[in-house]
């Protein structure tokens, strides 16, 4: 179990060091401006439209980050022969795969709830100007749970195809296809 947690920690650190993580952070800050722009154009059902905007954006960024991060890390492991080195150690392949899986899942949780929490005060600020419109806080904060179920399947397939192939492009195309 210690090996799994070690791989999880390494995956989480590698994920936050990628350039795409910082690009997604900048795009998220720019999309906050989009929240106010959308608010200025719409008149009816403001909470529903703004909530849909935030949840759709969260879905887009989390899936984009999972694909970019997962494929980058797996391609690095396959091309640099790190995977063969790990398998040669007295560690199990299962520990490596479960560690990578948990690392990407924790990374996805951080991204999903980070975006949801970042947008929440702005949504409340904009929705207080229309107190008659309904807003479901429960639905807003449970959405990432279902998004993470989807991400879990994608990560599982990617790791399965990576474990079965020796070429990084084959595993990437198999997962995307």
Quiz item: Would you say residue 125 is surrounded by 13 or more Cβ atoms within 10 Å (Cβ to Cβ) and either at pLDDT 85 or above or under 16 Å from the mean Cα position of the chain (by Cα) (or both)?
Solution: no
Quiz item: Name the residues in segment 23-53 that are within 13 Å of residue 135 (Cα to Cα) and surrounded by 14 or more Cβ atoms within 10 Å (Cβ to Cβ), would you?
Solution: 46, 47, 48, 49, 50, 51
Quiz item: Say we look at segment 97-121 and pick out the residues that are free of Cβ contacts under 8 Å to residues at least 60 places away in the same chain and farther than 16 Å from residue 22 by Cα; which of these is surrounded by the fewest Cβ atoms within 10 Å (Cβ to Cβ)?
Solution: 121
Quiz item: Any residue in segment 71-91 that is assigned to a helix (DSSP H, G or I), under 23 Å from residue 141 (Cα atoms), at pLDDT below 85 and touching a helix residue (DSSP H, G or I) at 6+ places or on another chain (Cβ under 8 Å)?
Solution: no
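The values are calculated or read from the model by the stated rules, or taken from the named source; none is laboratory data. Bear in mind that the values here come from a model prediction, so they are computed numbers and not experimental data. Here the Cβ is made from the backbone with ideal geometry for all residues, glycine too, and neighbour counts use every protein chain on show.
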